[in-house]
1. Which value in nm describes the separation of the simple spin-label points at Lys423 and Lys392, placed 7 Å from the Cα toward the beta carbon?
2. Between Gln336 and His68, what length in nm is gained on full extension when 0.36 nm per residue of separation is reduced by their alpha carbon distance?
3. Using Cα pairs under 8 angstrom and six or more residues apart, how large is the relative contact order of segment 1-91, in percent?
4. Roughly what would the spin-label model give for Ala433 and Asn400, points 7 Å off Cα along C-beta, in nm?
5. Nearest 10 degrees is fine. How inclined is helix 302-311 to the longest principal axis of the chain, computing both from alpha carbons?
6. Okay, which of segment 41-84 sit inside 15 Å, backbone N to the point 7 Å along the Cα-Cβ direction of Ala96?
7. Using the Cβ atoms and a cut-off under 13 Å, what net charge is assigned to the surroundings of Val149, where Lys and Arg are +1 and Asp and Glu are -1?
8. Under unit Cβ charges (Lys, Arg +1; Asp, Glu -1), what dipole magnitude, rounded to 20 debye, does the chain have relative to its Cα centre?
Amino acid sequence: MKPGERLAVIDLGSNSFRMVVFLAGGSWWKRTDEIYEPVRIGEGLAKTGMLGEQPMRRALSTLEVFAHFAAASGLDPGSLDAVATSAIRDAANAQAFLARARERSSLPIRVLTREQEARYAYLAAVNSTTLSDGYVLDLGGGSLQMVQVAERLARRSGSWPVGTVRMSERFLPGRGPAKRRQLQELREHLAAQLQDAPWLAAAAGPAGARRVVGIGGTVRNLAVAAERAAGLPSNGVQGMVIARERLDELVERLAALPAAERAGVPGIKPARADLILAGAVVLQAVLHAGRFEGLEATEAGLREGVFFERLLAGREPPLFEDVRRASVMNLAAAYQADLAHTRHVAALALGMFDELARLGLHAGDPRERELLWAASMLHDIGMSVDYDDHHKHSRYLILNAGLPGFSPVEVAIIAQAARYHRKGLPEPGPLGALFGGGDAARLDRCAVLLRLAEDLERSRDQLVRRTSLSLHDGEVELRLIADGESVVPRWAASREAELFSRAFDRRLSVAA
């Protein structure tokens, strides 16, 4: 895609219709708008094999709204890609509906094959996570797609008509609590369906191959509910893992409630309350069949898969080479970070990280080094809001824009390190529930090295080219290799002695 080019992807799903507008910059991309409507076009399809008149009317009205929005936004036909999935694909009267849709909205609709739908799920998942070997799961209203991934490539896939709308209508039609017999029949049906995928059972092999990434509204909604149940901070569900035990607890809780009351479970959306139980049981069945310990959620969906195919055209498959690096650089570019400054800060911070590891003051964990790099590249993006409190603005943007490829606790450490790159003693704050053993110390090290690097680059002129550290009698001497007088950098860095001592248990002195 060319800089400034937009693409509106319209996902005509069995449960909901969604229109998402993406914008590509010179070296970045982002979503700029979204419209969502729970159309339920697949309602009644499992029983009759036909799209019902009422669901079609809802769908046509929504498509008309999408068409008007596209026209008002200046989106030409070449900037629109409307894709239909399971319900429209499987309905006996699909062609009649599509003819009415063309007449009503003039939107270019293409009906995806099962293979195409699975491919877009694969592109969405692998471009938004670090999945290399494992499985992608895409659960919609009409169907379930699974893709086996090896070395980041799609190896095989399957599709089953066990979507949330179909399974709710067939096995859980009542408005009251689910009966034990209903749940048992649903589970038996799902187990029989999944027997058609012997390659799914192979997930019980090496630990890495047991990883499964899920996309779709049901997965995201259950991830939010699991997040709330665990008392974790709510900053999106990217990278959130729904443990099998937590999913089992949610199923029991949801099954005990009438459909109308399931939205009372924290995190469950009212628009999904009547479908969420069937969706959770489908996910249970997949975890059981593959002997997975949990399901990793990504906020990317089929829409992002369609967009990535256009954005990364020319690559086959259209994948980012390094999702974590692409994620950080995309966010930095989107908020117009001063890349000459942030890259030099990162170089200085990583140089000190490596020297301190050489001196034996920390383990030199490559993962921690990458978190320090990410925080260095993003510490100033809050300047796009305002200079005052820009460290706090940076934290907000990192947490809310998200960093696909990083786990929730990794994002928390990056955000908090950016938050404390100017002053104060770092603390996990409201993100503390995400922190495990050693994470607070990791934050201290990242924050002080970022702060020192920022101090050395205070004048934004790359005066201090690099540093040299040595250890003498329990004191670390930081020597500056500069291209001129370094009074300001020395003064700024010397103020970090307290935090340095807390992070590395050594005194700090700064020399020219």
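1. In this crude label model, Lys423 to Lys392 measures out at 1.2 nm.
2. Numbers: separation 268, 0.36 × 268 = 96.48 nm, distance 3.21 nm.
Full extension of this stretch gives 93.3 nm more.
3. Working: 158 pairs, mean separation 30.2, N = 91.
Over segment 1-91, the number comes to 33 percent.
4. Distance between label points: 2.0 nm.
5. Around 60 degrees separate the two axes.
6. Residues 45, 48-57 qualify, since their backbone N sits under 15 Å from the label point.
7. Details: positive: Arg119, Arg152, Arg155, Arg156, Arg210, Arg211; negative: Asp133, Asp138, Glu151, Glu296.
With Lys, Arg at +1 and Asp, Glu at -1, the net is +2.
8. Details: 64 positive and 62 negative charges, 237 e Å.
Around 1140 debye, computed over the chain.
The values are calculated or read from the model by the stated rules, or taken from the named source; none is laboratory data. The structure displayed is predicted, hence computed values, not measured ones. Don't worry about glycine lacking a Cβ; one is built from the backbone with ideal geometry, like all the others, and counts go over all protein chains shown. Remember, those area values only see protein heavy atoms, side chains included, never the ligands or the DNA or RNA. Shrake-Rupley method; radii C 1.70, N 1.55, O 1.52, S 1.80 Å.
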